[in-house]
Ligand code: OSB
Ligand code: MG
């Protein structure tokens, strides 16, 4: 597949809900829609990084510059037989996994379209639908949280994840557990705690959570291993895992027993499959995380979650929970907590071009040998 040109579009999409986490409040998604052009086909991806470096270190302005000035010039005008060959070209760039993932994922879309196959099939997926839950932000009160949990369960979602931060944790988790004794509940701290908080995590053991997501620093595994040894609830790593190597090391030292896999965070689809295989070799579960993706990124996550070990419910809930209008034509909606895997070639998504145009804040067209 020869990549002839590319387009970048920075868009902002208003969220239907106010999403508060330990690192901030989000009411909008800012993302770059990446389009690759080649052999009469188009491949799409959306970036997952936040505008500012509060989840991990990547930023949207940084991603734009890196794509436009360094990454696209490296691949435009070049022919790649498969995603491995494309990745080899950009493998020497360190870090910047989310930015490089956007390029890799757009390549998967255009390449699988050239093969007339959906991504999940080429990747080796087996599931035709994937179990999903919801991630609830920090709400104004426990009562408000209980109501949202109840609505999520009534909608059929198979797991409810509650965002926590110091002072908004044990009481909340125990209240939700008391109201919903049978629910599959988890919490996500987004790195808001330290080992000084061990007593909080010991108290959380009483809430019967499936796991505690990313309690400690975004780049730590050593302290997570210490915490895991001190509590009975499983730790799930999110921010700390940016590569297959990170996964192997974390599981080797017992930093957690579950992995939240986000293709964007780890450099794309090839790396996701490697991480899936590593967790499988440890006999540990993996589940599909989310970054409040619009339709392009949501579809990509669903394809990856078709791999065999994605048994635990992920964060890829219905697009209509997030958006009044999505950026793709296909509705990505779950029924009874099951999200169907798209079946058309590539990602299987069609862009709503007029809508995307109306959301566009800036765009750039880059072609081989200069603009
Ligand atoms: O930590 O999993 C996270 C959203 C943005 C950034 C980080 C996280 C999240 C979520 C929401 O929890 C997942 C989703 O609904 O897409
Ligand atoms: Mg998380």
Mind listing whichever residues of the stretch 91-103 are in contact with a helix residue (DSSP H, G or I) (Cβ under 7 Å, 6 or more places away or on another chain) and surrounded by fewer than 23 Cβ atoms within 10 Å (Cβ to Cβ)?
93, 96
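Residue 291 - would you say it is within 16 Å of ligand 2 (Cβ to nearest atom) and either in a loop (DSSP other than H, G, I, E, B) or more than 20 Å from residue 29 (Cα to Cα) (or both)? Don't jump to the end; show me each part of the working.
Numbers: within 16 Å of ligand 2 (Cβ to nearest atom): yes; either in a loop (DSSP other than H, G, I, E, B) or more than 20 Å from residue 29 (Cα to Cα) (or both): yes.
When the stated conditions are applied, residue 291 passes them.
For the stretch 40-73, name all the residues that are in a loop (DSSP other than H, G, I, E, B) and either free of Cβ contacts under 8 Å to residues at least 24 places away in the same chain or out of contact with any strand residue (DSSP E or B) (no Cβ under 6 Å at 6 or more places or on another chain) (or both).
Step one: filter the stretch 40-73 for residues in a loop (DSSP other than H, G, I, E, B), giving 40, 47-59.
Correct list: 40, 48, 49, 50, 51, 52, 53, 55, 56, 57, 58, 59.
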Look at residue 93 and say whether it is assigned to a loop (DSSP other than H, G, I, E, B) and within 23 Å of the chain's Cα centre (by Cα).
yes
Considering (1) in contact with a helix residue (DSSP H, G or I) (Cβ under 6 Å, 6 or more places away or on another chain); (2) without any contact (Cβ under 8 Å) to a residue 24 or more places away in the chain, say which one residue 329 fails and leave the rest.
(1)
So for the stretch 315-328 (the condition being outside any loop (DSSP other than H, G, I, E, B), under 22 Å from residue 276 (Cα atoms) and within 16 Å of ligand 2 (Cβ to nearest atom)), does at least one residue qualify?
no
The lone exception for residue 181 - which of (1) buried (at least 16 other Cβ atoms within 10 Å of the Cβ); (2) more than 25 Å from the chain's Cα centre (by Cα) it fails
(1)
Residue, farthest from residue 24 (Cα to Cα), within the stretch 178-200, restricted to residues that are touching a helix residue (DSSP H, G or I) at 6+ places or on another chain (Cβ under 8 Å) and within 16 Å of ligand 2 (Cβ to nearest atom):
185
Kindly indicate which of 307, 270 is part of a loop (DSSP other than H, G, I, E, B) and more than 15 Å from ligand 2 (Cβ to nearest atom).
307
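If you scan the stretch 205-226, which residues turn out to be away from ligand 2 (no atom under 16 Å from the Cβ) and on the phi < 0 side of the Ramachandran plot? Give the derivation first.
We begin by selecting, within the stretch 205-226, every residue away from ligand 2 (no atom under 16 Å from the Cβ); these are 205-208, 222-223, 225-226.
Scanning the stretch 205-226 gives 205, 206, 207, 222, 223, 225, 226.
I'd like the full set of residues that are touching a strand residue (DSSP E or B) at 6+ places or on another chain (Cβ under 7 Å) and in contact (Cβ under 8 Å) with a residue 40 or more places away in the chain, limited to the stretch 257-286. Show your work before the answer.
Let us first name the residues in the stretch 257-286 that are touching a strand residue (DSSP E or B) at 6+ places or on another chain (Cβ under 7 Å), namely 257-261, 272, 275-276, 279, 284-286.
Those that are touching a strand residue (DSSP E or B) at 6+ places or on another chain (Cβ under 7 Å) and in contact (Cβ under 8 Å) with a residue 40 or more places away in the chain: 257, 258, 260, 261.
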Contact list please: Cβ distance under 6 Å, first residue in the stretch 208-233 and touching a residue at least 40 places away in the same chain (Cβ under 8 Å), second residue away from ligand 1 (no atom under 15 Å from the Cβ), pairs at least six apart or on different chains.
210/184; 211/234
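Please tell me if residue 88 is outside any helix (DSSP H, G or I) and surrounded by fewer than 24 Cβ atoms within 10 Å (Cβ to Cβ).
Answer is no for this residue.
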Among the residues of the stretch 112-137, count how many are more than 16 Å from ligand 2 (Cβ to nearest atom) and not in a loop (DSSP other than H, G, I, E, B).
12
Inspect all residues belonging to the stretch 339-346 and state whether any of them is away from ligand 2 (no atom under 16 Å from the Cβ) and closer than 21 Å to residue 238 by Cβ.
yes
Quick test of your reading of the structure: residue 258 fulfils all but one of (1) more than 15 Å from ligand 2 (Cβ to nearest atom); (2) surrounded by fewer than 24 Cβ atoms within 10 Å (Cβ to Cβ); (3) at negative phi. Name the failing condition by number.
(1)
Which one is surrounded by the most Cβ atoms within 10 Å (Cβ to Cβ), of the residues in the stretch 140-172 that are touching a helix residue (DSSP H, G or I) at 6+ places or on another chain (Cβ under 6 Å) and within 26 Å of residue 130 (Cα to Cα)?
160
Only unsatisfied item for residue 140, checking (1) more than 19 Å from the chain's Cα centre (by Cα); (2) outside any helix (DSSP H, G or I); (3) in contact (Cβ under 8 Å) with a residue 12 or more places away in the chain, is (3)
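Bear in mind these aren't lab numbers, they're just calculated from the coordinates by the rules spelled out. All values reported here derive from a predicted model rather than from experimental measurement. Cβ: placed from backbone, ideal geometry, glycine included. Neighbour counts: every protein chain shown.
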